Amino acid sequence: MKELMLGNKAFARGLYEAGCKVVSSYPGTPSTEITEEAAKYDEIYAEWAPNEKVAMEVALGASMAGARSFCGMKHVGLNVAADPLYTASYTGVNGGMVIAVADDPGMHSSQNEQDSRHHAEASKVMMLEPSDSDECKRYTKLAFELSERFDTPVIVRMSTRVSHSQSAVELKERDEISLKDYEKNPSKYVMMPAYARGRHVFVEQRTLDEIEYAESCDINTVEDNGADIGVITSGISYVYSKEALGDRVNYLKLGIVYPLPKKLIEDFCKKCKKVYVIEELDPFIENHCKALGVEVIGKEIFSMLGEYSQSLIAERVFGEKKDYTELDEQIPVRPPVMCAGCPHRGLFYCLSKLGLTVSGDIGCYTLGAAAPLTAMDSTICMGASISALHGFNKAREGADKKSVAVIGDSTFMHSGMTGLVNIAYNASNSLVIILDNSITGMTGHQQNPTTGKNLKGDPAAAVNLEELCKAIGIKNVSVVDPYHMSECEKVIKEKVALDEPCVIISRRPCALLKYVKHNPPLNVESDKCVGCKQCLKIGCPAISIHDKKCEIDSTQCVGCGICKEMCRLGAIR
Amino acid sequence: MQTKSIMIVGVGGQGSLLASRLLGSVLISRGYDVKVSEVHGMSQRGGSVVTYVKYGDKVYSPVIEKGEADVIISFEELEAARWISHLKPGGTIITSTQQIDPMPVISGVAEYPDKLIEKIENAGAKVIAVDALSLAQKAGNAKASNVVLMGKVASLLDFDESCWQNALKKLVPPKFLEVNKIAFELGKNA
């Protein structure tokens with residue numbers, strides 16, 4: 001039976017069919033649905049961990065215990081989990097262990113465009129790369145076999161287009177894999193210098209064995225169309241190339257992107273007069289070819305930036321272009337915005353109004369950086385708002401304290417709280433605002449350790465943020481409701497003036513949560529409205545201005561009342 | 001059969017994911033090779049959203065590029081205008097006549113262009129305009145305008161009514177099924 005499936009869902013199906021037993025992940029676009037879909041199978045234990053490092057350690061522990069295990073994350077999540085990854089490479093596995101990492105070329109939903117293949121090479125961990133949903137499933141199953149065969153974790157590299165495209169998948173039954181015996185084996189699992197030296201020898205030999213496998217395996221394939229031109233490619237770039245170039249070229253499609261074969265590449269190139277390496281982001285395969293002394297064309301004509309496509313490839317290889325029409329008209333851009341009723345809006349308006357320096361973080365609230373709120377000075381990575389604020393304030397000690405950090409509840413649990421420990425321990429005069437909307441918002445409403453529910457939606461222990469902050473050593477902790485702007489403004493003003501570390505918890509659940517009850521939509525009394533545009537300063541997508549009068553879109557408005565507080569004339573009711 | 005390309009464009013929150021999944025489900029039940037490419041995450045927050053649906057004997061790339069779309073289904077006029085470059089010369093645009101101001105218009109730094117449908121027609125596209133919002137409201141839920149437009153699409157594609165009904169049943173939660181069935185009918189006859 002064939003079913004249309006998202007790449008991520010097909011990946012989860014692969015976990016199910018491969019008999020995977022333990023799944024631990026942290027959400028991150030575009031990887032999130034792998035774990036959400038895996039959680040729908042009763043045979044799989046699946047959880048959200050507080051961050052990717054924890055998730056990978058959970059998966060490694062489960063593997064040592066003898067089960068097939070998995071952890072999934074986005075590209076930047078692998079940086080967080082890099083510490084266990086590099087040593088899991090040494091310990092190897094007992095039950096098979098598979099890691100999904102989803103890159104985001106084009107940065108649809110990310111803060112950088114890093115190429116995760118470098119992590120595979122640096123950690124010496126095998127990496128596979130599927131090009132469509134059916135391969136997502138097949139490669140996941142193969143990854144477990146390879147993990148057990150070579151005694152290594154195996155990474156499956158996804159990308160936004162593979163993760164979030166649907167294509168046909170052939171479904172099979174689950175293989176029931178019994179738990180392997182656990183045997184105490186310090187020389188394999190206790191990575192202190194004496195034992196780790198021995199394991200490093202193993203890792204180097206393993207890589208040679210894997211290269212030998214890569215020379216002739218089923219997923220590194222040559223497609224000989226009798227052409228003069230050859231293309232070496234992998235993953236999504238393969239399907240773009242196939243569409244653009246069809247059977248006018250020969251292909252070497254690499255299903256294993258680390259380690260790369262030698263002889264297979266040399267033999268392929270010998271048969272072609274000209275060879276292109278087509279790969280998004282960095283010249284990873286290209287550099288390998290050039291190191292082998294093989295002549296290929298790569299980043300000389302292809303970009304290291306953004307996504308590729310069939311038209312880009314057709315143009316660069318054969319100079320072909322398609323006709324299209326464009327309107328002779330300025331089309332205003334439509335950037336993403338905070339939703340109508342978003343609890344972050346009122347708080348960001350206060351920060352903007354008070355002219356504070358805002359150290360930002362990763363989440364929906366990063367949209368507070370955009371016009372008209374423009375209330376964010378920096379955004380780096382998960383948790384950095386708090387630690388960077390501490391550094392900022394230490395550098396400017398003695399100067400007026402006019403800075404705050406903003407961080408969501410899930411991001412705070414991920415890696416913000418260690419920064420707060422630093423603020424308390426090393427006593428910086430910093431104000432941290434936790435934007436507690438009771439959910440992991442940006443990735444599409446995942447539970448986290450503060451929400452009182454687990455991945456399966458069952459009741460779970462909930463971290464009490466107030467008590468946690470106090471236990472960390474912050475004495476001044478207060479809670480505000482961001483729908484009450486004047487109160488928020490008052491509390492922020494007061495705390496930012498204090499000479500001690502403070503935390504404000506801005507608490508109001510995300511307006512899109514199903515259990516949140518909305519107020520009736522508000523209306524503008526047009527005889528009172530003078531078109532002063534004061535209410536437009538909060539950047540609510542439900543408010544617009546027509547014929548110099550404000551209007552509220554009743555299909556979007558949830559009656560949060562922020563605009564009502566903005567209107568000096570009482571025209572909004 | 002040569003690959004056909006259909007784009008679904010709109011504003012985050014208008015339900016383009018359901019529309020593309022409906023279409024994908026119908027196409028796969030007809031025995032085609034199908035690829036549907038979606039956008040999740042940041043782009044969904046009220047931003048411009050585009051999904052691609054491609055079908056044929058064998059589909060490789062999941063994305064649709066400039067000059068490649070046979071049909072563009074748009075949930076909003078400005079979005080129809082934004083993506084017209086992706087239409088094949090002589091292709092068809094099915095658009096809702098709904099207009100939603102983007103943030104630059106709301107904050108007063110840009111204006112919403114007027115007479116967009118006329119301008120798109122003048123650029124050579126075949127335009128089918130549907131007042132999907134009113135029809136959805138008539139069906140009982142303003143959010144069903146995505147399914148109204150899919151009804152219109154169904155009237156142009158020559159597939160069995162039962163494929164569409166099965167897809168609706170499979171993809172729409174039971175408590176919204178009735179409203180969506182009415183919306184689909186209204187769109188089909190629009």
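The values are calculated or read from the model by the stated rules, or taken from the named source; none is laboratory data. Given the structure is predicted, the values throughout are model-derived calculations rather than measurements. Glycine also receives a Cβ, built like all others from the backbone with ideal geometry; neighbour counts cover every protein chain displayed.
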inquiry  = Any residue at all in region A:326-338 that's more than 8 Å from chain B (Cβ to nearest Cβ), touching a strand residue (DSSP E or B) at 6+ places or on another chain (Cβ under 9 Å) and at negative phi?
reply    = no
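How about region A:47-66: which of its residues are over 17 Å from the mean Cα position of the chain (by Cα) and surrounded by fewer than 24 Cβ atoms within 10 Å (Cβ to Cβ)? So that I can check it myself, show each step before the final result.
In the first step, residues of region A:47-66 are kept if they are over 17 Å from the mean Cα position of the chain (by Cα); the result is A:57-66.
Correct list: A:GLU57, A:VAL58, A:GLY61, A:MET64, A:ALA65, A:GLY66.
For region B:11-42, enumerate the residues that are at positive phi and touching a residue at least 40 places away in the same chain (Cβ under 8 Å). Even if it seems obvious, please write down each step before you answer.
Here is the first cut: in region B:11-42, the ones at positive phi are B:13, B:15, B:31, B:41.
Within region B:11-42, just B:GLY15 meets the criteria.
State all residues of region B:28-70 that are of a type in the set (A, V, I, L, M, F, W, C) and closer than 23 Å to A:LYS321 by Cα; if no residue qualifies, say none.
Here is the first cut: in region B:28-70, the residues of a type in the set (A, V, I, L, M, F, W, C) are B:28, B:34, B:36, B:39, B:42, B:49-50, B:53, B:59, B:63-64, B:69.
Of everything in region B:28-70, those that are of a type in the set (A, V, I, L, M, F, W, C) and closer than 23 Å to A:LYS321 by Cα turn out to be B:VAL50, B:VAL53, B:VAL59, B:VAL63, B:ILE64, B:ALA69.
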task = Go through the residues of region A:103-119 one by one and say whether even a single one is under 17 Å from the mean Cα position of the chain (by Cα), assigned to a strand (DSSP E or B), at pLDDT 95 or above and surrounded by 24 or more Cβ atoms within 10 Å (Cβ to Cβ).
result = yes
ask   = Just a yes or no: is a residue in region A:566-573 in a loop (DSSP other than H, G, I, E, B) and surrounded by 16 or more Cβ atoms within 10 Å (Cβ to Cβ)?
value = yes
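Can you confirm whether region A:69-84 contains a residue that is closer than 15 Å to A:PHE150 by Cα and among the basic types (Lys, Arg)? So that I can check it myself, show each step before the final result.
Here is the first cut: in region A:69-84, the ones closer than 15 Å to A:PHE150 by Cα are none.
No, that holds for no residue.
Are any residues in region B:140-156 touching a helix residue (DSSP H, G or I) at 6+ places or on another chain (Cβ under 8 Å) and within 15 Å of B:LEU23 (Cβ to Cβ), and if so, which ones?
Residues of region B:140-156 that are touching a helix residue (DSSP H, G or I) at 6+ places or on another chain (Cβ under 8 Å), as a first pass: B:140-155.
Answer for region B:140-156, where residues must be touching a helix residue (DSSP H, G or I) at 6+ places or on another chain (Cβ under 8 Å) and within 15 Å of B:LEU23 (Cβ to Cβ): B:ASN146, B:VAL147, B:VAL148, B:LEU149, B:MET150, B:GLY151, B:LYS152, B:VAL153, B:ALA154, B:SER155.
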query = Among A:CYS381, A:CYS364, which is farther than 25 Å from A:GLU487 by Cβ, touching a residue at least 40 places away in the same chain (Cβ under 8 Å) and not charged (D, E, K, R)?
reply = A:CYS381
task = Return yes or no: is B:ASP70 charged (D, E, K, R) and in contact (Cβ under 8 Å) with a residue 40 or more places away in the chain?
result = yes
Condition broken by B:LYS54, with the remaining ones in (1) touching a Gly at 6+ places or on another chain (Cβ under 9 Å); (2) buried (at least 24 other Cβ atoms within 10 Å of the Cβ); (3) more than 29 Å from A:GLN111 (Cα to Cα); (4) basic (Lys, Arg) satisfied = (1)
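Determine whether A:ALA462 is part of a helix (DSSP H, G or I), among the small types (Gly, Ala, Ser) and surrounded by fewer than 19 Cβ atoms within 10 Å (Cβ to Cβ).
Values: part of a helix (DSSP H, G or I): no; among the small types (Gly, Ala, Ser): yes; surrounded by fewer than 19 Cβ atoms within 10 Å (Cβ to Cβ): yes.
Criteria not met by A:ALA462.
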query = So, of the residues in region A:521-565 that are touching a Phe, Trp or Tyr at 6+ places or on another chain (Cβ under 8 Å) and in a helix (DSSP H, G or I), which turns out to be farthest from A:HIS344 (Cα to Cα)?
reply = A:LYS537
message = I'd like the residue in region B:70-89 that is more than 7 Å from chain A (Cβ to nearest Cβ) and among the small types (Gly, Ala, Ser) and, out of all such residues, is surrounded by the fewest Cβ atoms within 10 Å (Cβ to Cβ).
response = B:ALA80
note = When every residue in region B:51-92 that is farther than 19 Å from B:GLY124 by Cα, of a type in the set (Phe, Trp, Tyr) and in a loop (DSSP other than H, G, I, E, B) is compared, the one farthest from the chain's Cα centre (by Cα) is B:TYR60
query = Only one of (1) within 8 Å of chain A (Cβ to nearest Cβ); (2) at pLDDT below 95 is not met by B:GLY15, so which one is it?
reply = (1)
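Yes/no per residue for (1) more than 23 Å from A:CYS560 (Cα to Cα); (2) out of contact with any Asp or Glu (no Cβ under 6 Å at 6 or more places or on another chain):
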{"residue": "A:ALA424", "(1), (2)": "yes, yes"}
{"residue": "A:LEU431", "(1), (2)": "yes, yes"}
{"residue": "A:ASP436", "(1), (2)": "no, no"}
{"residue": "A:HIS445", "(1), (2)": "no, yes"}
{"residue": "A:GLY457", "(1), (2)": "yes, yes"}
{"residue": "A:VAL491", "(1), (2)": "no, yes"}
{"residue": "A:LYS495", "(1), (2)": "yes, yes"}
ask   = Which ones in region B:100-111 are more than 7 Å from chain A (Cβ to nearest Cβ) and crowded, with 16+ Cβ neighbours inside 10 Å?
value = B:ILE100
inquiry  = Just to verify a result, which residue in region A:235-265, among those that are small (Gly, Ala, Ser) and within 14 Å of chain B (Cβ to nearest Cβ), is surrounded by the fewest Cβ atoms within 10 Å (Cβ to Cβ)?
reply    = A:GLY246
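Considering only region A:297-306, I want to know if a residue exists there that is small (Gly, Ala, Ser), part of a loop (DSSP other than H, G, I, E, B), surrounded by fewer than 22 Cβ atoms within 10 Å (Cβ to Cβ) and within 14 Å of chain B (Cβ to nearest Cβ).
Taking region A:297-306 first, the residues small (Gly, Ala, Ser) are A:298, A:303, A:306.
Then drop every residue that is not part of a loop (DSSP other than H, G, I, E, B), which leaves A:298, A:303, A:306.
Remaining after also requiring surrounded by fewer than 22 Cβ atoms within 10 Å (Cβ to Cβ): A:298, A:303, A:306.
Within this subset, residues satisfying the condition of being within 14 Å of chain B (Cβ to nearest Cβ) are A:306.
Checked against the condition, which is being small (Gly, Ala, Ser), part of a loop (DSSP other than H, G, I, E, B), surrounded by fewer than 22 Cβ atoms within 10 Å (Cβ to Cβ) and within 14 Å of chain B (Cβ to nearest Cβ), region A:297-306 yields at least one hit.
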key: Given (1) touching a residue at least 40 places away in the same chain (Cβ under 8 Å); (2) more than 23 Å from B:LEU18 (Cα to Cα); (3) surrounded by fewer than 24 Cβ atoms within 10 Å (Cβ to Cβ), index of the condition B:CYS163 fails   = (2)
remark   = Filtering region A:446-459 down to residues that are out of contact with any Ser or Thr (no Cβ under 8 Å at 6 or more places or on another chain) and farther than 20 Å from A:TYR41 by Cβ yields A:PRO449, A:GLY452, A:PRO459
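So, in region A:382-430, exactly how many residues are surrounded by fewer than 17 Cβ atoms within 10 Å (Cβ to Cβ) and either in a loop (DSSP other than H, G, I, E, B) or charged (D, E, K, R) (or both)? Spell out how you get there, then give the answer.
Residues of region A:382-430 that are surrounded by fewer than 17 Cβ atoms within 10 Å (Cβ to Cβ), as a first pass: A:391, A:394-400, A:402, A:418, A:421, A:425-427.
So of that shortlist, the ones also either in a loop (DSSP other than H, G, I, E, B) or charged (D, E, K, R) (or both) come out as A:394, A:396-400, A:402, A:426-427.
Counting residues in region A:382-430 that are surrounded by fewer than 17 Cβ atoms within 10 Å (Cβ to Cβ) and either in a loop (DSSP other than H, G, I, E, B) or charged (D, E, K, R) (or both) gives 9.
Return yes or no: is A:ILE572 without any contact (Cβ under 8 Å) to a residue 60 or more places away in the chain, in contact with a Leu (Cβ under 7 Å, 6 or more places away or on another chain) and within 14 Å of another protein chain (Cβ to nearest Cβ)?
Working: without any contact (Cβ under 8 Å) to a residue 60 or more places away in the chain: yes; in contact with a Leu (Cβ under 7 Å, 6 or more places away or on another chain): yes; within 14 Å of another protein chain (Cβ to nearest Cβ): no.
In short, no.
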ask   = Among (1) assigned to a helix (DSSP H, G or I); (2) over 17 Å from the mean Cα position of the chain (by Cα), which single condition is B:GLY108 missing?
value = (1)
message = List the residue pairs whose Cβ atoms are under 9 Å apart, where the first residue sits in region A:12-28 and is touching a residue at least 12 places away in the same chain (Cβ under 8 Å), the second is among the acidic types (Asp, Glu) and in a strand (DSSP E or B), and the two are 6 or more positions apart or on different chains.
response = A:ARG13/A:GLU3; A:VAL22/A:GLU47; A:VAL23/A:GLU47; A:SER24/A:GLU47; A:SER25/A:GLU47
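Just to be sure before I move on: is A:HIS484 loosely packed, with under 13 Cβ neighbours inside 10 Å and either at pLDDT below 95 or not polar (S, T, N, Q) (or both) in the structure I sent?
Numbers: loosely packed, with under 13 Cβ neighbours inside 10 Å: no; either at pLDDT below 95 or not polar (S, T, N, Q) (or both): yes.
Here the answer is no, as A:HIS484 does not meet what is asked.
Taking only region B:53-69 into account, find how many residues are closer than 26 Å to B:SER29 by Cβ, at the interface with chain A (Cβ under 10 Å from one of its Cβ atoms) and in contact with a Lys or Arg (Cβ under 8 Å, 6 or more places away or on another chain).
Initial filter on region B:53-69 (closer than 26 Å to B:SER29 by Cβ): B:53-64, B:68-69.
From what is left, the residues that are at the interface with chain A (Cβ under 10 Å from one of its Cβ atoms) are B:53-54, B:58-64, B:68-69.
Then keep just the ones that are in contact with a Lys or Arg (Cβ under 8 Å, 6 or more places away or on another chain); that gives B:53-54, B:59-64, B:68-69.
Residues flagged as closer than 26 Å to B:SER29 by Cβ, at the interface with chain A (Cβ under 10 Å from one of its Cβ atoms) and in contact with a Lys or Arg (Cβ under 8 Å, 6 or more places away or on another chain) within region B:53-69 amount to 10.
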